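**Student:** After the structure tokens below, expect a handful of questions from me.
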Amino acid sequence: MINFENSFHELNNEFYANVLPSIPPKPELLACNKNLAHKLGINLSWLESEEALECFSGSKIIKNSNPLAMVYAGHQFGNWVPRLGDGRAVLLGELIDKDNQRWDIQLKGSGKTPFSRSGDGKAVLGPVLREYLISEAMSALRIPTTLALTVVKTGERIQREALLPGAILTRVAKSHIRVGTFQYFASRGEYDILKTLSDYVINRHFPEIKNKKNKYLEFLKIAIRAQAKLISQWMSVSFIHGVMNTDNCSIIGDTIDYGPCAFMDIFKPETVFSSIDTYGRYSYKNQPIICQWNLIQLANCLLPLLSNNKEKSIKIAQNEIDRFPKLFESFWLQEMRKKLALKSGTLKDTKLITELHDIMEHDKLDFTLTFSSLYYVFINKNNVVFDYINKSNKFKKWTLKWKNRLESEKNSKANIVKLLCNSNPSIIPRNHLVEEAIKLAVYDNNYSKFFKLMELVSKPFCLKEKNRYYLFPPKDSDKNFQTFCGT
Ligand code: AMP
Ligand code: MG
């Protein structure tokens, strides 16, 4: 049984609309994330009970749950939309785990809300499985992210490009508050509510700053740091979010809203997968600059709270925003150094890393394999990964420089091996594998590949050569590969 708390519901009701999830005709539990359930303190036998199915399908509202849809606004592809909100999601309530961490428990795909606009509030099975799988992969890659607890098939057929099976994802997040949540109230000039929202975020997520002199400035600084770090982590595993609208930008710096996201195989900085991202606004290489753009929107919202003087507030905010490029660069360098097993930093590291990226781009090397091969290069072991990467003479030459640089640090061999293995995943949810597994599940009701892939992506740092099929990009890697928002 779950004992929900409702701190968000207890806030001013301007923040949400009370809604009841719609009742699905024939709910069926397809997947449940037992590790996550354990972390949340949810009893595993309860998770597989009829009552849990009723709860996570929206069929019954359990005691202490006050379902609601959150309101927010946002810039979608740079265009201002004054009111968006949860159009296909309801927050059931919050759970407190053993470590006293508060988690939102939200159903995604459970029917219309006052914010559905022309949508049906539903979700189809393919994208729901995708989010379940990719959020698990991100979590295993140690990247801050929302998580997924269950997948329930609803028994309904939903009209999309064809009639497709409907599904509901139970999304678990430390927060569902977005930059767009702040934008909604700031744009309406509702500064008292904006202050309540900021205080709620500070008290819930950053209590360490609640007694600081200018806690709103501290909050802005934390948000900027968290986003800069997050994007550097995405880029260190070749992740492309695909739809970094301000409404998909979590205020605490977690990855949220897995729509058209995907991992890049062959390194090409301009890569875009999303079918609707015509101009490449959210390409791999644009992610830091877009992140800064989103943070400018947040800083703008916070101006009335930063000081009583508008000019002064602008100065304070500008100062923080101007720090972003350097901050991002330092996080990015930190991530890249870890991948190369470098303990300390030298000024020449950027050059060494940029050279590697240039070689990867020029020789069309697979991002994940390039980095995971470094371990074999270091221990001088010939195997399938080594063979793949050794085709590039430029890469071979570069590894000599890298080895010299490693030697200059006098780190122990064991430590280097440990760093290389812990920082370079060998398994990522490659597009062709994800598509294959999901197609089989949706069209043939065969979940074998899906669960196999789920198992592999949840242990991404353990290279097993017998899993060769999962280690490599396909022949025509990423060629014409497109993703969709999944609405
Ligand atoms: P997203 O692209 O998932 O970030 O969604 C952007 C906005 O569209 C959000 O306000 C969503 O709640 C809303 N939305 C997406 N899909 C649907 C749907 N099927 N029905 C209603 N609203 C939706
Ligand atoms: Mg969204």
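Results for (1) touching a helix residue (DSSP H, G or I) at 6+ places or on another chain (Cβ under 7 Å); (2) under 24 Å from Lys34 (Cα atoms); (3) exposed (fewer than 15 other Cβ atoms within 10 Å of the Cβ); (4) among the small types (Gly, Ala, Ser), shown as yes or no for each residue.
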position	(1), (2), (3), (4)
Asp444	no, no, yes, no
Tyr447	yes, yes, no, no
Met454	yes, yes, no, no
Asn467	yes, yes, yes, no
Phe484	no, no, no, no
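**Student:** Any idea which of Lys410, Lys401 is out of contact with any helix residue (DSSP H, G or I) (no Cβ under 6 Å at 6 or more places or on another chain), on the phi > 0 side of the Ramachandran plot and not assigned by TED's automatic domain parsing to the domain that holds Ala140?
**Tutor:** Only one candidate qualifies: Lys410.
**Student:** Regarding segment 98-121, can at least one residue be identified that is more than 16 Å from ligand 2 (Cβ to nearest atom), of a type in the set (S, T, N, Q) and within 26 Å of Val434 (Cβ to Cβ)?
**Tutor:** Within segment 98-121 (the criterion being more than 16 Å from ligand 2 (Cβ to nearest atom), of a type in the set (S, T, N, Q) and within 26 Å of Val434 (Cβ to Cβ)), the answer is no, since none of the residues qualifies.
**Student:** Note down all Cβ pairs under 7 Å where the first residue falls in segment 177-204 and is outside the structural domain of Gly93 (by TED's automatic domain parsing) and within 19 Å of Ala69 (Cα to Cα), the second is basic (Lys, Arg) and within 16 Å of ligand 2 (Cβ to nearest atom), and they're at least six residues apart or on different chains.
**Tutor:** Correct list of pairs: Tyr184/Arg83.
**Student:** Among the residues of segment 219-233, are any surrounded by 19 or more Cβ atoms within 10 Å (Cβ to Cβ), touching a Pro at 6+ places or on another chain (Cβ under 7 Å) and not in a strand (DSSP E or B)?
**Tutor:** The answer is yes; a qualifying residue exists.
**Student:** Can you pull out the residues in segment 95-122 that are more than 9 Å from ligand 1 (Cβ to nearest atom), surrounded by fewer than 18 Cβ atoms within 10 Å (Cβ to Cβ) and at pLDDT 95 or above?
**Tutor:** Ile96, Asp97, Asp99, Asn100, Gln101, Arg102, Pro114
**Student:** Can you confirm whether segment 39-58 contains a residue that is closer than 23 Å to Arg188 by Cβ, free of Cβ contacts under 8 Å to residues at least 60 places away in the same chain and charged (D, E, K, R)?
**Tutor:** Looking for residues that are closer than 23 Å to Arg188 by Cβ, free of Cβ contacts under 8 Å to residues at least 60 places away in the same chain and charged (D, E, K, R), one finds none in segment 39-58, hence no.
**Student:** Can you tell me which condition Phe328 does not meet? The list is (1) surrounded by 22 or more Cβ atoms within 10 Å (Cβ to Cβ); (2) more than 27 Å from Ala186 (Cβ to Cβ), and all the others hold.
**Tutor:** (2)
**Student:** Within segment 40-63, work out how many residues are away from ligand 1 (no atom under 16 Å from the Cβ), under 25 Å from Ser116 (Cα atoms) and in a loop (DSSP other than H, G, I, E, B). Talk me through it step by step, then tell me what you get.
**Tutor:** Residues of segment 40-63 away from ligand 1 (no atom under 16 Å from the Cβ): 40-57, 59-63.
Right, trim to under 25 Å from Ser116 (Cα atoms) and you get 53-57, 59-62.
When the remaining residues are screened for being in a loop (DSSP other than H, G, I, E, B), the result is 59-62.
Adding up the residues that qualify gives 4.
The values are calculated or read from the model by the stated rules, or taken from the named source; none is laboratory data. Bear in mind the structure is a predicted one, so any value in this text is a computation, not a measurement. Neighbour counts are summed over all protein chains in view; Cβ atoms, including those assigned to glycine, are modelled from backbone coordinates with ideal geometry.
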